[in-house]
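> The structure that follows is given in the form of structure tokens.
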Amino acid sequence: MSFGNEYLEEIYRETEKRDRYQKEFLQAVHEVLSGIGVVLDSHPEYIKAGIIPRLIEPERVITFRVSWIDDGGKVRVNRGFRVQYNSAIGPYKGGLRFHPEVDLSVMKFLGFEQCFKNALTGLAIGGGKGGADFDPKGKSDGEIMRFCQSFMTELEKHIGQFTDIPAGDIGVGEREIGYLFGQFKRLRNEHSGALTGKGMSYGGSAIRTQATGYGVCYFTENMLRSRGLSLDGMSAVVSGSGNVALHCAEKAVALGAKVVAMSDSSGYIYVPGGIDIGLMKQIKEKEHARISEYARCAEGAAFISDRRGIWNVKCDIAFPCATQNELDREAANILSENGAVAIAEGANMPSTPGAIETFRKRNILFAPAKAANAGGVAASGFEMAQNSARLSWGAEEVDERLHGIMRQIYESCSAAAEEYNYPGDLAVGANIAGFSRIAEAMLAQGVAY
Ligand code: NDP
């Protein structure tokens, strides 16, 4: 453990006792607490007001049954969640994940992280997260729709444009948001901005789909510039091939990088000459096929059925964009030995604590998820603003705002790291900058909740 601060150690021990089976959640709490002791030294009022234990405990956790009928007429039951984590800065905001590994620990780790990420954007949005242990893989369109409708029938009671505004995440893309929104509207009889990630024909924002992946690259460019580097001419490895990975790869290529490997949960493809992102998008977004299909369609591409093997591919920069804990200490060492100079996280908590320690030791530039992938939620904030104003901004305007917000996030992480004597450590800087904003808001609002 060791946070260099007895007060934090005691709080962590209590959390471990209370939530002893929630390993992802404990990992996320540990990572944040290990960077904020220095803030408490100069702000004893945060201790007096119990900010940290209040911040660790979600304001509200809702779990619910989702029953639905499959194409064979069989009744199925899944478990749904919404964790309304912290509303000090604004209404709860965070995605919905449909994946068989979803449980309370995963929901709480994602919700906790979301609070800091949302604070970093500078927008008025609090943190939340939700989802279900439903596996969309292999389900028909009708089954997905019925599941989404059943899920929203309960979720609707807890959300709204001023309360809690969910969006997408793993397994929840534009199609699912459409079905969820349709059911919300039917139940509530209102067409409001209670969900983001909507289609352009019914209140969505330009660039929302691309924003997380594009934002990762914009943040990365700012970080690389601090060492006189740029993506132009770099070779890159991007794990995953979903929403975040595809748009991160697309923007990296647009900025002059060559993406040589991408993956899904069955393995990775390696293309020494660089992946054709247009073809990859066709295969993944239009045909909804496995990534191995790329190797069948393109010359010079190899498919290797080992998803973790992707980190053995030599590259200048790695973008983990699939899922939590996908990049461990061993992978970090291999990346470093192969000459990688930077890692930028598109997924949430993709690097294990051992991997992060390795990046630090080896002086590898590291862009932490809560800062680097905040472009998605920032664009969701833009979507909320457009919905409230009954306006629609053009793609250029949204992209420009996204650029601005990613630069500002980089600058605030960098400045916080500098101020507290961790120059260049963006992971610590992100925790400090995010925490400070939430702590001030909580302090101002008293201890009534
Ligand atoms: P998608 O469902 O679109 O894509 C997920 C991708 O990751 C798929 O290629 C999937 O492969 C792969 N994957 C999932 N689990 C594993 C695993 N255990 N090992 C290897 N690959 C895996 O999700 P998103 O792109 O939306 O999300 C990816 C990450 O980015 C998540 O951590 C999410 O929380 C984070 N994020 C997403 C945001 C968004 O706006 N969508 C915003 C901020 C963060 P397969 O198809 O085989 O399952």
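> Can you tell me which residue within region 314-325, out of those that are more than 17 Å from Pro350 (Cα to Cα) and open to solvent by 10 Å² or more (accessible area, probe 1.4 Å), is nearest to the ligand (Cβ to nearest atom)? Steps first, answer last, please.
First, pick out the residues of region 314-325 that are more than 17 Å from Pro350 (Cα to Cα): 314-316.
Then drop every residue that is not open to solvent by 10 Å² or more (accessible area, probe 1.4 Å), which leaves 314, 316.
Details: Lys314: 20, Asp316: 22 Å.
Taking the candidates together, the pick is Lys314.
> Okay, moving on. Quick one: what pairs do we get from region 157-175, first residue in the same structural domain as Pro136 (by TED's automatic domain parsing), second in a helix (DSSP H, G or I) and open to solvent by 10 Å² or more (accessible area, probe 1.4 Å), C-beta under 7 Å, 6+ apart or different chains?
Between residues of region 157-175 that are in the same structural domain as Pro136 (by TED's automatic domain parsing) and residues that are in a helix (DSSP H, G or I) and open to solvent by 10 Å² or more (accessible area, probe 1.4 Å), the close pairs are Ile165/Met384; Gly168/Glu176; Gly173/Asn243; Glu174/Thr209.
> So which residues in region 140-150 are assigned to a helix (DSSP H, G or I) and either open to solvent by 50 Å² or more (accessible area, probe 1.4 Å) or more than 16 Å from the ligand (Cβ to nearest atom) (or both), if there are any at all? Walk me through how you get there before you give the answer.
At the first step, the residues of region 140-150 found to be assigned to a helix (DSSP H, G or I) are 141-150.
If the condition is that a residue be assigned to a helix (DSSP H, G or I) and either open to solvent by 50 Å² or more (accessible area, probe 1.4 Å) or more than 16 Å from the ligand (Cβ to nearest atom) (or both), then Asp141, Gly142, Glu143, Met145, Arg146, Gln149, Ser150 are the ones that fit.
> So in region 288-302, with the set limited to residues that are within 13 Å of the ligand (Cβ to nearest atom) and free of Cβ contacts under 8 Å to residues at least 40 places away in the same chain, which one is least open to solvent (accessible area, probe 1.4 Å)?
To start, the set of residues in region 288-302 that are within 13 Å of the ligand (Cβ to nearest atom) comprises 288-294.
Those still in the list that are free of Cβ contacts under 8 Å to residues at least 40 places away in the same chain too: 288-290, 292-294.
Values: His288: 145, Ala289: 26, Arg290: 96, Ser292: 25, Glu293: 55, Tyr294: 5 Å².
Per the stated criteria, the residue is Tyr294.
> I'd like the residue in region 252-268 that is more than 8 Å from the ligand (Cβ to nearest atom) and surrounded by 24 or more Cβ atoms within 10 Å (Cβ to Cβ) and, out of all such residues, is farthest from Glu326 (Cα to Cα). Walk me through how you get there before you give the answer.
If we filter region 252-268 for residues that are more than 8 Å from the ligand (Cβ to nearest atom), which is where we start, we get 252-262, 267-268.
Applying the additional criterion that residues be surrounded by 24 or more Cβ atoms within 10 Å (Cβ to Cβ) yields 252, 257, 259, 261-262, 268.
On the way: Ala252: 21, Ala257: 23, Val259: 19, Ala261: 15, Met262: 13, Tyr268: 13 Å.
Filtering first and then ranking leaves Ala257.
> Might you check whether a residue that is in contact (Cβ under 8 Å) with a residue 60 or more places away in the chain, open to solvent by less than 20 Å² (accessible area, probe 1.4 Å) and touching a Leu at 6+ places or on another chain (Cβ under 7 Å) occurs anywhere in region 240-251?
No, region 240-251 contains no residue that is in contact (Cβ under 8 Å) with a residue 60 or more places away in the chain, open to solvent by less than 20 Å² (accessible area, probe 1.4 Å) and touching a Leu at 6+ places or on another chain (Cβ under 7 Å).
> Then there is this: Do we have Gly182 as of a type outside the set (Asp, Glu), open to solvent by less than 30 Å² (accessible area, probe 1.4 Å), more than 19 Å from Gly111 (Cβ to Cβ) and within 16 Å of the ligand (Cβ to nearest atom) here? It would help to see each step written out before you state the result.
On the way: of a type outside the set (Asp, Glu): yes; open to solvent by less than 30 Å² (accessible area, probe 1.4 Å): yes; more than 19 Å from Gly111 (Cβ to Cβ): yes; within 16 Å of the ligand (Cβ to nearest atom): no.
Taking the combined requirement at face value, the residue does not satisfy it.
> Let me ask you something else. Is it true that some residue in region 79-93 is in contact (Cβ under 8 Å) with a residue 40 or more places away in the chain, assigned by TED's automatic domain parsing to the domain that holds Ile144 and either in a helix (DSSP H, G or I) or open to solvent by 50 Å² or more (accessible area, probe 1.4 Å) (or both)?
Within region 79-93 (the criterion being in contact (Cβ under 8 Å) with a residue 40 or more places away in the chain, assigned by TED's automatic domain parsing to the domain that holds Ile144 and either in a helix (DSSP H, G or I) or open to solvent by 50 Å² or more (accessible area, probe 1.4 Å) (or both)), the answer is yes, since at least one residue qualifies.
> Same structure again: Inspect region 213-232 for any residue being β-branched (Val, Ile, Thr), open to solvent by 50 Å² or more (accessible area, probe 1.4 Å) and in the same structural domain as His288 (by TED's automatic domain parsing) and give the result as yes or no. First the steps, then the outcome.
Quick first cut of region 213-232, residues β-branched (Val, Ile, Thr) only: 216, 220.
Going one step further and asking which of them are open to solvent by 50 Å² or more (accessible area, probe 1.4 Å), we end up with none.
No, region 213-232 has no match at all.
> If I ask for residues that are within 16 Å of the ligand (Cβ to nearest atom) and within 16 Å of Arg188 (Cα to Cα), which ones from region 152-171 would you list? Working first, answer last.
At the first step, the residues of region 152-171 found to be within 16 Å of the ligand (Cβ to nearest atom) are 165-171.
If the condition is that a residue be within 16 Å of the ligand (Cβ to nearest atom) and within 16 Å of Arg188 (Cα to Cα), then Ile165, Pro166 are the ones that fit.
> I've got another one for you. Yes or no: Ala236 among the small types (Gly, Ala, Ser), open to solvent by less than 10 Å² (accessible area, probe 1.4 Å), at pLDDT 95 or above and over 17 Å from the mean Cα position of the chain (by Cα)?
Details: among the small types (Gly, Ala, Ser): yes; open to solvent by less than 10 Å² (accessible area, probe 1.4 Å): yes; at pLDDT 95 or above: yes; over 17 Å from the mean Cα position of the chain (by Cα): yes.
It is true that Ala236 is among the small types (Gly, Ala, Ser), open to solvent by less than 10 Å² (accessible area, probe 1.4 Å), at pLDDT 95 or above and over 17 Å from the mean Cα position of the chain (by Cα).
> Can you tell me which of (1) outside any helix (DSSP H, G or I); (2) away from the ligand (no atom under 14 Å from the Cβ); (3) touching a strand residue (DSSP E or B) at 6+ places or on another chain (Cβ under 8 Å) is the one Pro136 doesn't meet?
In the conditions (1) outside any helix (DSSP H, G or I); (2) away from the ligand (no atom under 14 Å from the Cβ); (3) touching a strand residue (DSSP E or B) at 6+ places or on another chain (Cβ under 8 Å), Pro136 misses (2) alone.
> Go through (1) in the same structural domain as Asp164 (by TED's automatic domain parsing); (2) open to solvent by 50 Å² or more (accessible area, probe 1.4 Å); (3) more than 16 Å from the ligand (Cβ to nearest atom) one by one and return the number of the condition Pro100 breaks.
Only one criterion in (1) in the same structural domain as Asp164 (by TED's automatic domain parsing); (2) open to solvent by 50 Å² or more (accessible area, probe 1.4 Å); (3) more than 16 Å from the ligand (Cβ to nearest atom) is unmet by Pro100, namely (3).
The values are calculated or read from the model by the stated rules, or taken from the named source; none is laboratory data. Keep in mind that this is a model prediction, so the values were computed, not measured. Positions of Cβ are generated from backbone atoms using ideal geometry, with glycine treated the same way; all protein chains shown enter the neighbour counts. The protein model used for the area step is the full one, side chains on, heavy atoms only, and it has no ligands, DNA or RNA in it. Shrake-Rupley method; radii C 1.70, N 1.55, O 1.52, S 1.80 Å.
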